Amino acid sequence: MTTTVSYHDWDNRYRDWTEEVLDAVRQVADSDEFILKSRVAELERRVAERTGAAHAIAVANGTGALTVILAALGIGPGDEVVTPAFSFISTASTVALRGAKPVFADVDADTACLDLAAAEAAVTDRTRAVLPAYLFTTHPDMTGLAELAERRGVALVEDSAVGLGATVDGRQAGRFGTAGVYSFFPAKPIGGAGDAGMVVTDDDDLARDIRMLRNHGQDLGVRFLHHKVGFNCRMDEITAAFLLQRLPKLDGFLTARRQIAEEYQERLAHLAPDLLTPPDGYDHRAVYTYVVRAARRDELKEFLAGEGIETVVYYPKPLHLQPAFAYLGHRPGDFPVAEQLAREALALPLHPDMRPGDVARVASAVERFYRGAR
Ligand SMILES: Cc1ncc(COP(=O)(O)O)c(C=O)c1O
């Protein structure tokens with residue numbers, strides 16, 4: 001069966017993409033600026049303006065953003081960071097790479113994000129930070145987590161890699177914690193033409209340290225003077241030039257994504273008792289992936305593939321059962337919601353330039369699966 005609706009559909013998606021990439025390359029080719037120069041500075045200024053952050057610091061990718069924040073906070077061996085058992089690997093790997101311990105907590109069944117009560121129960125005397133992640137179309141209880149972090153005297157590092165442009169309880173995603181991150185990985189709602197990321201924070205000292213850490217710990221004025229052992233985690237000018245063209249379009253991309261999610265929601269929300277759709281109310285959310293939960297997920301995926309519809313499993317294994325974290329000694333059953341999500345979650349195709357009728361085609365195929373036309 002040929003694919004009728006592909007998951008990313010790069011050919012069709014963002015029709016203006018090619019010209020914008022070429023324009024960014026041309027701009028930089030005609031300059032002598034390659035890394036951390038005027039376009040990067042302008043992008044930082046625009047993200048700071050958009051998010052209301054005192055500082056936006058451009059970095060090489062979202063994972064690097066988390067890394068430099070954790071390093072700037074001085075998190076290292078002997079420290080614990082409370083983080084969800086179900087997320088992208090970076091949420092926990094960045095903690096482990098600092099020599100600190102990722103302390104997993106289970107996620108909420110509706111949002112698939114860090115559960116507030118579970119996070120609270122996981123905080124110990126060694127906890128230095130709580131690190132929740134936004135996933136799919138949803139977000140953690142950021143207001144509750146900010147209150148928890150403040151009450152327990154720990155940092156709140158917001159993995160809002162997929163959340164740029166969303167608001168939670170009237171506040172911008174990424175702006176609840178000590179620092180927040182955004183990723184510009186091409187599949188994200190804003191979508192860069194390669195890897196890139198951003199840190200936002202209001203903390204002047206932390207921002208200064210992060211600026212140094214992203215560039216080998218180098219002094220901000222004096223070349224080859226290194227105050228810290230840092231990283232090469234810099235953003236390049238081609239990426240920044242491209243993102244400067246994308247940023248003004250972000251709200252349009254998000255609106256299109258919300259409309260698609262709502263269309264799926266209307267068709268699928270009450271289709272079958274063993275098919276769960278994301279929580280309603282997309283108005284202010286950044287819709288990244290539309291993930292349903294299906295008790296017969298693997299059968300549904302196979303059925304849709306047979307109809308030419310590509311889907312993706314985010315994430316097939318919860319973090320505590322990943323081989324990389326075997327040293328933490330977790331067992332199946334430790335975080336039941338995370339494990340259930342890993343068995344049931346399925347992302348349907350969603351991007352702003354889906355062809356007319358694509359969403360209906362996918363929804364009709366899902367309906368056929370549940371109505372027994374198999
Ligand atoms: C929740 C989450 N955290 C962190 C990241 C890391 O971002 P990047 O791919 O830019 O390193 C991603 C992106 O894949 C993500 O989805």
Checklist line | All lysines inside 24 Å of K228 as judged from Cα atoms, apart from same-chain residues fewer than 8 positions distant | finding: K37, K101
Next item on the list: Can you check what the net charge comes to around D110, using other residues whose Cβ is under 11 Å from the Cβ of D110 (Lys, Arg +1; Asp, Glu -1)?
Entry: -3
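With a cut-off of 8 Å between alpha carbons and a minimum separation of six or more residues, what is the relative contact order of the range 16-151 in percent?
Relative contact order comes out at 18 percent.
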Notebook entry, point to check: Between P84, Q172, V95, whose Cα lies farthest towards the positive end of the dipole of the chain when Lys and Arg beta carbons carry +1 and Asp and Glu beta carbons carry -1, centred on the Cα centre?
Noted result: V95
Next item on the list: Keeping every protein chain in place, order D195, D23 by accessible area at 1.4 Å, biggest value first, i.e. largest first.
Entry: D195, D23
Check: To the nearest 10 square angstrom, how much accessible area does H227 have with a 1.4 angstrom probe?
Finding: 100 Å²
Notebook entry, point to check: In deg cm²/dmol and to the nearest 500, what is the mean residue ellipticity at 222 nm of the chain if only DSSP H runs of at least 4 residues count, each as -39500 (n - 2.57), divided by the residue total?
Noted result: -11000 deg cm²/dmol
Next item on the list: Report the percentage of all Cα-Cα pairs in the range 120-195 whose separation exceeds 20 Å, rounded to a whole percent.
Entry: 33 percent
Checklist line | Whole-Hz ³J(HN,Hα) from phi, Karplus 6.51 cos²θ - 1.76 cosθ + 1.60, for the range 37-52, glycine and proline x | finding: 10, 5, 6, 5, 4, 5, 4, 4, 4, 5, 5, 4, 5, 5, 8, x
Item checked: Relative contact order (%) - the chain, alpha-carbon pairs under 8 angstrom, separation at least six -> 22 percent
Note to self: Let me check something: with ligands and nucleic acids excluded, how do T4, T18 order by accessible area (1.4 Å probe), largest to smallest?
What the structure shows: T18, T4
Margin query: Rg and Dmax in Å for the chain, alpha carbons only: what are they?
Written below: 20.8, 69
Note to self: Within the chain, what whole-number % of the accessible surface is contributed by carbon and sulfur, with the 1.4 Å probe and all protein chains included in the calculation?
What the structure shows: 51 percent
Next item on the list: Within the set of other residues whose C-beta is less than 12 Å from the C-beta of A261, count the net charge using Lys and Arg as +1 and Asp and Glu as -1.
Entry: -1
Next item on the list: Report, for the range 17-247, the % of DSSP beta bridges that are antiparallel, rounded to 5.
Entry: 55 percent
Check: Expressed in nm², what is the orientationally averaged projection area of the convex hull enclosing the Cα positions of the range 249-370?
Finding: 8.8 nm²
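Just add up the charged neighbours of A146: K/R +1, D/E -1, any other residue whose Cβ is under 12 Å from the Cβ of A146.
It works out to a net charge of -1.
The values are calculated or read from the model by the stated rules, or taken from the named source; none is laboratory data. None of these values were measured; they are calculated from a predicted model. Heads up, the Cβs are rebuilt from the backbone with ideal geometry, glycines too, and the neighbour counts pull from every protein chain shown. Areas reflect the complete protein model, heavy atoms only, side chains present, ligands, DNA and RNA absent. Shrake-Rupley method; radii C 1.70, N 1.55, O 1.52, S 1.80 Å.
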